[in-house]
Amino acid sequence: MNSTPEPPLTEALIAEHGLTPAEYQRIQELLGRDPNLTELGIFSVMWSEHCSYKSSRPHLKTLPTEGPRVIQGPGENAGVVDIGDGLAVVFKIESHNHPSFIEPHQGAATGVGGIMRDIFTMGARPLALLDSLRFGELSEPHTRYLFNGVVAGISAYGNCVGVPTVGGDIYFDACYSGNILVNVFCLGVARADKIFLGKAGGVGNPILYVGAKTGRDGIHGASMASAEFDDATEEKRPTVQVGDPFTEKLLLEACLEIMKKDWVVGVQDMGAAGLTSASFEMADRAGLGIAIDLDRVPLREDGMTAYDIMLSESQERMVFVVEQGREEEAMAIFRRWDLDTAVIGQVTDDGFLRASKDGRPAINLPIAAVVEGALKCERPTRRPAYLDEVQAWTAESLAIPDRGDAMLKELLGSPNIASKHSVYEQYDHMVRLNTLVLPGSDAAVIRVPGTQKALAISVDCNSRFCYLDPYAGAQAAVAESCRNVVCSGGEPIGVTNCLNFGNPENPEIMWQFEQAVRGLGDLCQIFDIPVVSGNVSLYNETKGEAIYPTPTIAVVGLLEDLTRYCTQWFKAAGHEIGLIGATREDLGGSEYLKQLGEPLRGKPPALNPEVEKRVQRMCLELIREGRIESAHDCSEGGLAVALAESCFSGPEVFGAVIGLASDVRQDALLFGESHSRIVISFTSGQREEIQARAQQSAVEFAVLGKVGGSRFQVAINHQGCIDQDIRMLADIWKQALTRYGKRLD
Amino acid sequence: MKCGVVVFPGSNCDHDSYHVLKHLYGQETHWIWHKDQVLEPFDLIVLPGGFSYGDYLRPGAIARFSPIMKSIIKYANAGGRVLGICNGFQILVESGLLPGALRRNASQKFICKYVHLRVESNQTPYTSRCEKNAVLKIPVAHAEGGYFVEPETLKALEDQDRIILRYSDAAGRSDATTNPNGSVGQIAGVANAEKNVLGMMPHPERCADPLWPDRDGRYIFDSLIHSS
């Protein structure tokens, strides 16, 4: 077949590829000639923000990535952390924001598919998925469309593959109405000595293609994800890939089967930038070259050019490098699972990627020039102008209400706090029999199959705090995520992050980014937890309106004894209720202010990392020794909401009688969001020991009251301020989100 | 008891059933590959949950044409025990071993949660260790679980005591308010006339392990093992 002649590389065509004149000149210098169109496309995706991390890399280098448990830090498909007994956990979180905004169902579905491949590419069977989702306000019909679409997409893909979606978080805020966030976390378990890397080693070794056929979908997805949205965004729908979870399931089983062999050299998922990034990254990591015959790539349609094949982001495809002579054996396994497969090339020693199409040379690029040749990018930063104004606000101007009943009901019914069961009931969260704590507690807890160990996982980020102070906000995200893991009985052993920000070419956004990364790094250093993988998503803005900085943090914690997990809900009437940690006058950025209709302002709650550490340590020890019945982190909605949730988020509903003694203003005491606080319940016999522990740990602790009755009663300094029927409160909390999900307008 | 768990492409609860039979109950358990033509003798065959062939076209519609299904139909017609769970139930219906069809849930959404089931009949090898009208708490996880049969067939099923499980509340009351998916008569599980084939949407294998707080699924497996 004759291919059509290539169009000349005009300035307009180069600009359409997202390359600046300086970058094009750089390409000419590196090659000593003009690139052809396919090569231009390759530079375009490989030097895009999405693939090259050009804006973020200098900052990410500052993160602590090492530790005694770390087997693989950032730079591979996912991070790997040792959990003993010869096993390791493999995990990562990744964004699929832009595609999900354009096409919510497929965008979210392929986000799930992509991150799962990152995990099983390394030889680990995926055990759990979590999602961190951000939408605009649910009062907007378009937001409800996006919300329902994303949830349906995650449900369709994850359920079909048979990996349970066990948790996550969801927030609604107007700042996301033009740019939603879909961050998907996946964790798998592998043998620590059987981790596969994306390396094309061994000159002469064959390169195998396996999975779905290559089509024209998703061409330039990576470039699309590296630009802001505008009115023409709807036209980008064809750049969103279409997922096929059935093929993914076959691919998963086939890959894990072949990985039992000892002749698999390297493996890489074809994710963003498809065959291009897979081949360049694999060759680069091995310091070798690759030769590909594009005529051998299984294609979905006729007439595809070298350009189409190299830039396609068709899903569910992988590249394997196996030892010479094993190709037939490998392909037989893939065929047993009804997958398309072909030998498409081999490893070479010349450091070039060469590809031919229709028997003619189509690509001839030095690997290093493409992978490492991009112009260095040191984006200027500037402290945003808005900060002084918003941080100057204090709560003094705010009237203190007499009672807390009305506000408690409003908070429990707000979509950010209300029960998310209508969402997670659409996810299969039990398949494979490892989910020890079903969704709805502080963290997900899953057992490690075949062992007595379990893992607690939490994802978190309060972006309202990050907007007010990105450094403090990022620290708060790590602290809260760790606190959730600790409340479930896990000891944090590793962090992965997904950094969602606006346009990095805006110095104020870049400042937010820099501050958040510093905050994240500093806290991980103090807590001594390595950051082992991560993902950066920039250009999250529409028509110049950026989202709040949203550094989503996922923390993985280890439980050596799977029977020692803890849940957030009260277990029996008569148990005593206590609060570990101190409540201060922290109303800045709170959900309470949002409910009052106040603009987002104030200083976010101050975090003292040393106090946080002591609080967490004390709580973890109490859980490990079996001294407490429940533990629940105080976050959005403050102490009152945490207490109410402890009453009704479990299988049984309990009332509670609470007496607080404090001179903190009433609304801050009830609804303020001070960090480092955990609501616990325990039998009376444990009270003295817990008090003694608090004293030893130099941590504040107060007994607040008792579980029981049919009412939720709170008195402050002996003055009643909340008294409500607990079942009525539970109903408000349970029904709020379900109602939105059912609205069809 | 010699058990077989069929692996269709897209089965994803196969490991769970295998685990329960082999490791919890210590039964001899084998994998059965969907491409196999010949079936060795078994005391129980499980068609597991999942998304065989991606649930494309209709759940179970393609799996019924798998090479192994011919042998399984023959085996069932000869009195062999076949338990179809979730997608397995859908395959049993599509292959004609059980009557009716499974429609999309009334909510149009996938539902994963614990539900209550009232045992309508204990005259089957799958429920022999249950009291009649006992209530079991077992989770469902499906998008197409709305059981449908024509009124005449429904009557026949009732007359022949073939409705084995109905969705109910914790007290055993079963009506429209306890129906998670729009099944006619809140039907959660039906058997063939000889009671050797059972299809059920809920997943007993998900709550049989002593590790979980809820483990009513064990009644199904206890029944099977003790009636073999």
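Normalised size of the protein assembly as shown, defined as Cα radius of gyration per 2.2 N^0.38 Å with N residues, equals 0.95.
In chain A, the longest principal axis of the Cα atoms and the axis of helix A:37-46 are about 20 degrees apart. The angle separating the long axis of helix A:507-527 from the principal Cα axis of greatest extent in chain A is about 70 degrees.
Looking at the P(r) of segment A:566-745, how many percent of alpha-carbon pairs lie beyond 30 Å?
Tail fraction, whole percent: 17.
Scalar couplings 3J(HN,Hα) for segment A:626-633, obtained by applying the Karplus form with A = 6.51, B = -1.76, C = 1.60 to θ = phi - 60°, are x, 8, 10, 9, 7, 8, 9, 5 Hz; x denotes Gly and Pro.
Largest mean-square fluctuation among B:P213, B:P59, B:P125, in a Gaussian network model of chain B whose springs join Cα atoms under 10 Å apart, belongs to B:P213. Close amide H contacts of A:L558 (hydrogens built in the peptide plane, cut-off under 5 Å, sequence separation of 5 or more or a different chain): A:A456, A:E491, A:I493. The amide H of A:C566, built 1.01 Å from its N in the peptide plane, has A:G489 as neighbours under 5 Å, considering only residues 5 or more places off or on other chains. Relative to the longest principal axis of the Cα atoms of chain A, the long axis of helix A:274-286 lies at roughly 90 degrees. Stick to the Cα atoms of segment A:438-592, pair each with every other, and give me the Kirkwood hydrodynamic radius in Å at one decimal. Answer for segment A:438-592: a Kirkwood hydrodynamic radius of 16.8 Å.
Here A:K261 is the anchor, and the aspartates and glutamates within straight C-alpha reach of less than 17 Å, apart from those fewer than 8 places off in the same chain, are A:D193, A:E253, A:E323, A:E327, A:E328, A:E329. Kirkwood hydrodynamic radius computed over segment B:75-183 comes to 14.7 Å, based on all pairs of distinct alpha carbons.
Counting Lys and Arg as +1 and Asp and Glu as -1 over every other residue whose Cβ lies under 13 Å from the Cβ of B:F65, the net charge comes to +3.
Using DSSP to call loops (not H, G, I, E or B), can you name the GluC sites (Glu not before Pro) in segment A:362-413 whose Cβ has at most 11 other Cβ atoms within 10 angstrom?
Numbers: sites: A:E372, A:E378, A:E389, A:E396, A:E410; in loops: A:E378.
For GluC sites (Glu not before Pro) across segment A:362-413 that sit outside H, G, I, E and B with at most 11 neighbouring Cβ atoms in 10 Å, the list reads A:E378.
Taking GluC sites (Glu not before Pro) across segment B:62-132, the ones in a DSSP loop with at most 16 further Cβ atoms lying within 10 angstrom of their Cβ are B:E131.
Beta-bridge orientation, segment B:2-226: approximately 60 percent antiparallel, per DSSP, counting only bridges with both partners inside. Within the protein assembly as shown, DSSP assigns beta bridges of which about 75% are antiparallel (rounded to the nearest 5).
Which pairs break 30 Å Cα to Cα here: B:K22/B:K155; A:K249/B:K2; A:K594/A:K734; A:K594/B:K109; B:K70/B:K132?
B:K22/B:K155; A:K594/B:K109; B:K70/B:K132
Below 26 Å, Cα to Cα, which lysines can A:K613 reach? Residues fewer than 8 away in the same chain don't count. Once the sequence-local lysines are set aside, what remains near A:K613 is A:K61, A:K92, A:K453, A:K603. Taking other residues whose beta carbon is less than 12 angstrom from the beta carbon of A:L311, and scoring Lys, Arg as +1 and Asp, Glu as -1, yields -3. Each residue of segment B:164-177 was assigned a 3J(HN,Hα) from its phi angle through the Karplus expression (A = 6.51, B = -1.76, C = 1.60, θ = phi - 60°), giving 9, 9, 10, 5, 9, 9, 5, 8, x, 7, 10, 8, 4, 6 Hz with x at Gly and Pro. Distance from the alpha carbon centroid of segment A:139-205 to that of segment A:555-612 works out to 26 angstrom.
Once the mean of 1/r is taken over each pair of separate Cα atoms and inverted, chain B shows a Kirkwood hydrodynamic radius of 17.0 Å.
Note on segment B:2-226: with charges restricted to the Cβ of Lys and Arg (+1) and Asp and Glu (-1), its dipole about the Cα centre is near 220 debye.
Taken together, the values in this text are just the output of simple stated rules run on the coordinates, not laboratory data. Just so it is clear, the structure is predicted and the values come from calculations on it, not from any experiment. Positions of Cβ are backbone-derived with ideal geometry, glycine not excepted, and every protein chain shown enters the neighbour counts.
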